[in-house]
C-alpha cells in the first residue's frame with residue numbers, strides 16, 4: 001500500500017515518520033504528473049512546492065492555522081493531502097476540482113485566489129481578525145518570487161511589518177540565483193538563529209542594552225546595525241528586514257528536514273516573519289524542469305516525452321495572429337512599443353521582444369504600472385500597445401480612466417483571453433471588459449469576428465488618435481486568410497453579413513460565428529434572419545442598428561460577456577435614446593453570476609451563449625416552432 005493511500009486528511013501526515021516523508025513526496029509528484037497529463041494545468045509550479053507543502057502540513061495545524069496560497073496554481077499537492085485525492089482526477093473539469101485554492105471547496109483553503117500578489121494582504125487581514133477574536137492560531141502566506149513583483153505584495157508587506165502582527169510569509173523563490181555555499185551557510189544560520197531560546201535571548205539583551213543610562217540607545221543601535229550588516233553579507237534579506245520582518249533563509253525547499261526544523265522554530269514567533277525558500281520549478285519531472293515556461297500552464301501531454309497530445313494545426317491562435325501582425329507593423333513604424341505584465345509568451349510578444357528589445361517592456365506583475373507607463377510614453381508621441389489578459393486588466397481600471405482616457409492618450413489595449421477561457425474558471429474568464437471600459441469617455445472598443453478582422457482592427461487602432469481597446473478570445477482562430485494590404489476599418493462601422501426580413505441577430509466578436517450557424521438552422525424553420533457583425537461595442541453603428549431593427553422588428557444581441565453593462569445593454573440604450581424600443585428584443589450573454597471552470601464548449605452550452613441558444617431565442621421571438 002502506498003503512503004499516499006493512507007493520507008485521508010492532512011492530519012494523517014503528522015502520524016508519519018520523518019524518514020517516510022520523501023517517499024510521500026515522490027508519490028504526490030507521480031499523482032500530479034499522472035492527472036495533469038490528462039487534464040492539463042499548472043504543473044511546474046505545483047511540482048516545485050511538494051516538499052514545502054508537506055512540511056507546512058506536518059508542522060502547522062491546518063485549517064485551524066490558516067494557509068493562504070498566492071495565485072493558487074501551485075496548490076495541487078495541498079489539494080491531494082487535504083481530503084481531495086479521490087477527486088483529483090476531476091481537476092479543472094466541469095463540476096470537478098478547481099485548479100486554484102477555493103474556500104468553498106475545502107476549509108483547508110484559507111482564501112479564494114487566482115490573481116497574484118494577494119496573499120500577504122489577505123494574510124494580514126486574517127491575522128488581525130484572529131487577534132480581535134482572541135484566536136492565537138497562525139497565518140501562513142505563501143508567495144512566489146514572480147508575485148513579489150506585484151505592487152500589492154509590497155503594500156501588504158509594508159503594513160504587516162509596521163503592524164507587528166503574527167504573520168508568516170513564505171517566499172517561494174524558484175528563479176533567483178544564489179550560490180551553493182552562501183545558500184548552505186544561510187540555511188544553517190537561519191535554522192540556528194530562528195531557535196526560540198536565541199530569539200528570546202536576543203530580545204532580553206536588546207532590552208538590557210536600551211536600559212543602560214546615557215549610552216543604552218546608542219549601543220543598541222550599533223548592535224542592531226552590526227547584526228543587519230552580517231545578515232546582508234550572508235543573505236539577501238535586507239529588504240525584508242527594513243520592512244520590520246524577521247528574515248530567515250534562503251532554505252533549500254526540497255530538504256524536508258531543514259524545512260521542518262525552521263518551521264518548528266518560526267511558528268513560536270509572534271511578529272512578522274519572512275522565510276525565504278529556494279525551489280526548482282517542475283522538480284521531479286525532467287521535461288518540466290528543462291522547460292518550466294511551457295509547463296507553467298499546459299494542456300494534456302504524453303508523460304514519457306512531455307509532448308502535448310493535441311495534433312498540430314496550421315490555424316494560428318488569435319494571440320499568434322496579434323503577435324505576428326504587431327511585428328509587421330513595428331517594422332514599418334519605429335514608434336510602436338509593446339508592453340506586457342509578466343506574460344510575454346501568453347500574450348504573443350516573445351518574438352517582438354527578441355526583434356525589438358529596446359521597444360519591448362516586461363514590467364512584471366504590475367498592470368497598474370504598465371498602463372500609466374504606457375500613458376506617459378504616448379504623451380511623448382509614441383504608440384504603446386499594452387497586451388494584457390482581460391481578467392488581469394481589471395486591476396488597472398483607475399489608471400485606464402485617469403492616466404490614459406482623461407487626456408485621450410493614444411494607448412492601444414490588446415485585451416487577450418476575452419470571454420470564456422475554460423478550465424481556469426471564474427478568476428480568469430474575461431467576461432467584464434465591455435462593462436468596465438465602455439463607460440469611460442474617449443475609449444473605443446472593438447472585437448474581431450476572425451483573424452483577418454483582428455489584423456484590420458490593429459491597423460485601425462494605430463491610425464486612431466486616442467485610446468483603443470482591441471478584445472479577442474483565447475484559442476485557435478477561424479482559418480481565415482489575412483488580406484493584404486491590411487486596411488483599417490472605419491471607427492464605429494458595423495458589417496451587415498447577411499440580409500433577413502424577420503429577425504436580426506446582432507453579434508460581436510467570437511460569437512459572430514455562432515450567429516451564422518444559427519441563421520442556417522433558422523432557415524430550416526422558415527425564419528429569415530439577418531446577421532450583423534457589430535465590430536464595435538463603442539461607438540455602435542447607430543444607423544445600421546436602427547435601420548435593421550426597424551426592418552425586422554425583432555433583435556437578438558449576442559455576446560461572450562456578462563449581460564449587465566455589456567454589448568446588449570449598449571444596444572438597448574441606443575434604441576431607447578432614439579425612441580426605437582417598439583421592436584422585440586432578446587439579449588444573449590452571461591447572466592448575473594460567475595462562470596465556473598470547465599471546457600469552453602461545455603460552458604458556452606451550459607450558460608446559453610451558443611448556436612442553440614440563439615435559435616431558441618429566435619423561435620421564441622417569432623413564436624414559431
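The values are calculated or read from the model by the stated rules, or taken from the named source; none is laboratory data. Every value quoted in this text rests on a predicted model; they were computed, and no experiment measured them. Reconstructed Cβ throughout: ideal geometry from the backbone, glycine too, with neighbour counts over all protein chains shown.
Key figures
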{"read-out": "Those residues of the stretch 144-170 which are assigned to a strand (DSSP E or B) and modelled with pLDDT of 95 or more, in sequence order", "value": "168, 169, 170"}
{"read-out": "Filter result (more than 15 Å from residue 534 (Cα to Cα), in contact with a strand residue (DSSP E or B) (Cβ under 7 Å, 6 or more places away or on another chain) and not in a strand (DSSP E or B)) within the stretch 558-575", "value": "563"}
{"read-out": "Whichever residue in the stretch 332-366 is crowded, with 24+ Cβ neighbours inside 10 Å and either under 19 Å from residue 319 (Cα atoms) or outside the structural domain of residue 458 (by TED's automatic domain parsing) (or both) and, among such residues, is farthest from the chain's Cα centre (by Cα)", "value": "352"}
{"read-out": "Test: residue in the stretch 432-449 that is at pLDDT below 95, under 30 Å from residue 96 (Cα atoms) and not assigned by TED's automatic domain parsing to the domain that holds residue 90", "value": "no"}
{"read-out": "Qualifying positions in the stretch 296-311 - at negative phi and not in a strand (DSSP E or B)", "value": "296, 297, 299, 300, 302, 303, 304, 305, 307, 309, 310, 311"}
{"read-out": "Single condition residue 596 does not satisfy, out of (1) in contact (Cβ under 8 Å) with a residue 40 or more places away in the chain; (2) closer than 25 Å to residue 525 by Cα", "value": "(2)"}
{"read-out": "Selection status of residue 549, buried (at least 19 other Cβ atoms within 10 Å of the Cβ) and assigned to a helix (DSSP H, G or I)", "value": "yes"}
{"read-out": "Segments classed as helices (runs of 4 or more DSSP H), wholly inside the stretch 428-525, with at least 3 members that are more than 26 Å from residue 315 (Cα to Cα) and touching a helix residue (DSSP H, G or I) at 6+ places or on another chain (Cβ under 9 Å)", "value": "433-438"}
